[in-house]
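Below is one structure, written out as structure tokens; comments come after it.
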Amino acid sequence: MQAVVLVGGLGTRLRPLTADTPKQMLPVVDRPMIEHVVAHLTGHGVTRVVLSLGFHPEAFTNAYPDGTCVGVPLHYAVEPEPLDTAGAVRFAAVAAGIDETFLVLNGDVLTDLDVSTMVAGHRASGAMGTIALTEVDDPSRYGVVTVAPDDGSVELGDMTQGRVSGFVEKPPHDEAPSRWINAGTYVLEPAVLDRIEAGRRVSIEREVFPALAAEGRLRAVCSEAYWLDTGTPEAYLQAQTDLLDGTRARMEPLAATASVAEDAVVDRAVVMSGASVGSGATVCDAVLMEGAVVEAGAVVRHSVLGPDARVGRRAEVTGRSLIGRGQVVGDDARVDVALIPDEG
Ligand code: GDD
Ligand code: MG
């Protein structure tokens, strides 16, 4: 089974961390996000991953110079210009010569979804596409899906399933027709590719899925497995704390070469290699990337320090602030993005 993984977005909501790094190459605890995604796929029989690239493709090709990622052969499909989600799928699948049932994943989603069971259900159903759904409290910033339950003739373990009766991408707040959203994992037949016009931006969520749903050819499986879209500062932080506190796993929060002063307070925080926390400093619900420095008496809460960023003595960084690579917060300074008016 081959999987096209979409990793070509600009990651605007995670700027400045994504100024020169695609979001899927940002670290999540111990390795880049894409490695978590590909490792999950290897457990479900995926033997080749086609990376659909656009923004800073060299970040991937430099990181995996032998063309494998966690042992899985990669194919790099670099778009000449951003083609949006369906355009990207078509471009990558054609470039990689895909001519059988294949998977598509949004590369910024971390999940424990049972992909093999989903694939088995798709094959048994004869649908042109099957999409995974997850339930969220605020559906309006996702693709919202309604499902018409069917006769249950396809056995899918404990996942419920049915025919997609409606798909609406990012509806206004009070107009979401359900709390089940597109989880960003699809099983598609190659025939779907013929429905995507070549050479222009085509959105799979705004064009392809609504059309397939109207024809009754799109199915969905509802999953309660762990699921998180990491694309906002809050979610990117949560992706890591969920791996520390047992929500998803319990991983080691301090890299071997991290240094933390004995009298510093470090709680639900990841301190990556070469990063340091000085005497009397407090670091909570935070991520310090490689080489980041928190000086004595400083406070970092609900925030992320990029590689080699520095927070000066007694300074405070709070409120989901993202400090970019090499940026310096001066001694006694205060940074709190919650204080900066929303640009709307
Ligand atoms: N190659 C390529 N080209 N990749 C792209 C492009 C493009 O033009 N645009 C976006 N991507 C990639 C992003 O890097 C990301 O991995 C994925 O496609 C989805 O884009 P996002 O920008 O993260 O979309 P979203 O989170 O707002 O919404 C999508 O994901 C939700 C679930 O997480 C939609 O698919 C929603 O329907 C869905 O609910
Ligand atoms: Mg996303």
Could you please let me know if Phe167 is of a type in the set (Phe, Trp, Tyr), more than 20 Å from Lys23 (Cβ to Cβ), within 14 Å of ligand 1 (Cβ to nearest atom) and surrounded by 14 or more Cβ atoms within 10 Å (Cβ to Cβ)?
yes
Considering only segment 90-115, state which residues are of a type in the set (Val, Ile, Thr), closer than 21 Å to Glu189 by Cα and assigned to a strand (DSSP E or B).
Val104
In segment 111-126, which residue that is closer than 21 Å to Ala86 by Cα and surrounded by 23 or more Cβ atoms within 10 Å (Cβ to Cβ) is farthest from ligand 2 (Cβ to nearest atom)?
His122
Which of the following residues is modelled with pLDDT under 95 and small (Gly, Ala, Ser): Gly129, Gly121, Gly143?
Gly121
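Residues are listed down the side, and each one gets a yes or a no for (1) out of contact with any helix residue (DSSP H, G or I) (no Cβ under 6 Å at 6 or more places or on another chain); (2) over 24 Å from Gln238 (Cα atoms):
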| residue | (1), (2) |
| --- | --- |
| Val29 | no, no |
| Val37 | yes, no |
| Asn62 | yes, yes |
| Thr68 | yes, yes |
| Ala77 | no, yes |
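In the list Val49, Val4, Val94, which residue meets the criterion of being touching a Cys at 6+ places or on another chain (Cβ under 7 Å), modelled with pLDDT of 95 or more and farther than 23 Å from Val271 by Cα?
Numbers: Val4 fails: touching a Cys at 6+ places or on another chain (Cβ under 7 Å); Val94 fails: touching a Cys at 6+ places or on another chain (Cβ under 7 Å).
Answer to the check: Val49.
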Does Leu110 fit the bill of being within 16 Å of ligand 1 (Cβ to nearest atom), under 18 Å from the mean Cα position of the chain (by Cα) and over 30 Å from Gln161 (Cα atoms)?
no
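Looking at Leu228, is it within 16 Å of ligand 2 (Cβ to nearest atom), aliphatic (A, V, I, L, M) and touching a residue at least 24 places away in the same chain (Cβ under 8 Å)? Steps first, answer last, please.
Details: within 16 Å of ligand 2 (Cβ to nearest atom): yes; aliphatic (A, V, I, L, M): yes; touching a residue at least 24 places away in the same chain (Cβ under 8 Å): yes.
When the stated conditions are applied, Leu228 passes them.
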Hey, Arg206 crowded, with 22+ Cβ neighbours inside 10 Å, in the same structural domain as Glu81 (by TED's automatic domain parsing), of a type in the set (Lys, Arg) and modelled with pLDDT of 95 or more or not
no
Candidate set: segment 127-148, residues that are closer than 25 Å to Asp242 by Cα and part of a strand (DSSP E or B); chosen: the one nearest to ligand 2 (Cβ to nearest atom):
Gly143
Six or more apart or on different chains, Cβ atoms under 6 Å: show the pairs whose first residue is in segment 85-106 and of a type in the set (Ser, Thr, Tyr) and whose second is within 15 Å of ligand 2 (Cβ to nearest atom).
Thr85/Ser203; Thr85/Ile204
If you take the residues in segment 127-139 that are crowded, with 19+ Cβ neighbours inside 10 Å and touching a Phe, Trp or Tyr at 6+ places or on another chain (Cβ under 9 Å), which one is nearest to Arg219 (Cα to Cα)?
Thr130
Counting only residues that are within 26 Å of Met1 (Cβ to Cβ), within 14 Å of ligand 1 (Cβ to nearest atom) and in a loop (DSSP other than H, G, I, E, B), segment 173-197 contains a total of 1
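Go through segment 27-54 and report how many residues are within 15 Å of ligand 2 (Cβ to nearest atom) and within 15 Å of Asn106 (Cα to Cα). Full working, then the answer.
First pass over segment 27-54, keeping only residues within 15 Å of ligand 2 (Cβ to nearest atom): 28, 33-34, 36-37, 52, 54.
This time we only want the ones that are within 15 Å of Asn106 (Cα to Cα), so: 33-34, 36-37, 52, 54.
Number of matching residues: 6.
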Assuming Leu212 fulfils every condition listed in (1) more than 16 Å from ligand 2 (Cβ to nearest atom); (2) out of contact with any Leu (no Cβ under 7 Å at 6 or more places or on another chain) apart from one, which condition is it?
(2)
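The values are calculated or read from the model by the stated rules, or taken from the named source; none is laboratory data. Owing to the predicted nature of the structure, the values given are computational and were not obtained by experimental measurement. Cβ sites come from the backbone with ideal geometry, for glycine too, and all protein chains shown count toward neighbours.
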